[in-house]
Amino acid sequence: MKKILIPILLAMASVASAQSLTLKWSTDSLLRVPESVLYDAGRNVLYVANIDGAPDGKDGEGFISQVATDGKIKNLKWVTGLDAPKGLGMYKNNLYVADLTRVVVIDIATGKISKTIEAPGAVFLNDITVDSKGIVYVSDTRGGKIYRITNGAIEVYLEQEDLMGVNGLLVIKDGLYVLNFAAGSSYKLTADKKLTKIGETAQGADGVVAVGNGDYIVSNWHGAIYYVKATGEATKILDTTEAKIGAADIDYNQKTKMLYVPTFFKNTIMAYELKLN
């Protein structure tokens with residue numbers, strides 16, 4: 001594990017704002033194009049989706065890693081044989097992985113793939129979010145669709161022009177929080193499928209997590225992190241773009257206020273502590 005406390009990196013994590021991020025640790029660079037990270041509170045472990053190949057390649061090179069919450073890589077290739085794994089979601093003992101044109105279901109207890117669910121007409125499945133009833137939502141960035149999986153059955157939940165470029169998804173109280181990668185826009189999608197724009201960050205919007213006070217954190221694939229108020233007002237609180245350190249599909253531990261950031265081509269996960277001033 002690399003304890004990266006180099007002054008220049010700390011400076012990049014201190015963009016002037018009422019909120020701030022402090023770098024706490026980084027993994028070793030053994031990961032292979034990490035696109036998504038998910039914190040499992042029950043098992044106190046991080047799951048990491050590694051593309052390890054072309055982001056749209058059906059090559060079987062992708063894999064899932066397990067990383068400890070102190071940044072040590074516990075099991076680099078915990079689950080293998082995936083194509084281009086990206087978004088991760090969890091419900092009870094199942095880990096759901098967006099794997100290009102299918103959703104792979106992993107039995108967490110055994111570390112084995114228990115099921116694959118092909119998404120009809122899918123082009124580039126990207127992010128996943130799961131509600132309290134176990135209903136899974138998956139974005140198709142290049143297809144302009146959101147899929148829904150209920151009791152193992154998949155369907156197109158919504159398809160429309162504003163969803164071309166759809167990436168980050170997050171279940172919220174009365175629907176979904178939706179990011180558009182291409183436009184950098186944030187939307188609210190209600191249960192009756194009304195899509196309403198609520199704000200903007202920048203082109204490259206990738207992952208979204210809830211802070212726990214009604215606000216959100218949004219990552220930008222190029223390397224920026226935004227603190228977004230419930231009203232949609234966005235403030236940049238981290239920018240590692242010039243250092244070419246990406247910020248893909250993030251996750252956040254509300255209890256410890258730790259934000260986990262996959263750096264994509266830098267092959268690490270970085271952990272930042274969020275401070276609300």
Only one of the values (1) 8; (2) 27; (3) 15 was calculated from this structure for percent of Cα pairs over 35 Å apart; name its label.
-> (1)
Could you pull out the trypsin sites (Lys or Arg not before Pro) across the range 111-148 that fall in loop regions by DSSP (anything but H, G, I, E, B) with no more than 13 other Cβ atoms inside 10 Å?
-> Lys133
Rounded to whole Å, √(5λ) for the Cα gyration tensor eigenvalues of the range 143-252, largest first, gives 24, 15, 13
For Met90, Met258, the accessible-area ranking with a 1.4 Å probe, largest leading, is Met90, Met258
Could you please tell me the mean projected area of the C-alpha convex hull for the range 38-165, averaged over all directions and given in square nanometres to one decimal?
-> 7.6 nm²
Once label points are set 7 Å from the Cα along Cα→Cβ at both Arg142 and Lys194, what is their separation, rounded to one decimal in nm?
-> 3.4 nm
For Asn213 and Lys275, compute 0.36 nm times the residue count separating them, minus their Cα-Cα distance, and round to one decimal in nm.
-> 21.0 nm
Taking a probe of 1.4 Å and leaving out DNA, RNA and ligands, the chain shows per residue an accessible area in Å² of 41 Å²
The simple spin-label model distance between Val156 and Asn44, using points 7 Å out along Cα→Cβ, in nm, is 4.6 nm
Once amide H atoms are built 1.01 Å from N in the peptide plane, which residues 5 or more positions from Leu238, or in another chain, come under 5 Å H to H?
-> Ile225
Segment Asn75-Gln203, extension gain: residue separation times 0.36 nm, minus the distance between their alpha carbons = 42.7 nm
In whole Hz, what ³J(HN,Hα) sequence does the range 142-148 give by Karplus (6.51, -1.76, 1.60; θ = phi - 60°), x for Gly and Pro?
-> 7, x, x, 9, 10, 9, 10
List every residue whose amide H lies under 5 Å from the amide H of Asn167, counting only residues 5 or more places away in sequence or on a different chain, with H placed 1.01 Å from N in the peptide plane.
-> Leu179, Asn180, Phe181
Using the charge dipole of the chain (Lys, Arg: +1 at Cβ; Asp, Glu: -1 at Cβ; taken about the Cα centre), state which of Thr116, Gly204, Thr22 has its Cα farthest towards the positive end.
-> Thr22
What net charge do the residues around Ile225 carry, taking every other residue with its C-beta under 14 Å from that of Ile225, with Lys and Arg at +1 and Asp and Glu at -1?
-> -3
Taking Lys and Arg as +1 and Asp and Glu as -1, residues besides Ile108 with C-beta under 15 Å from its C-beta add up to +3
Over the chain: helical MRE at 222 nm, DSSP H runs n ≥ 4 each giving -39500 (n - 2.57), nearest 500 | -500 deg cm²/dmol
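The values are calculated or read from the model by the stated rules, or taken from the named source; none is laboratory data. What you see is a predicted model, and the numbers here were worked out from it, not measured in a lab. Neighbour counts run over all protein chains shown; Cβ positions are idealised from the backbone, glycine included. Heavy atoms of the whole protein, side chains included, go into the accessibility calculation; ligands, DNA and RNA do not. Shrake-Rupley method; radii C 1.70, N 1.55, O 1.52, S 1.80 Å.
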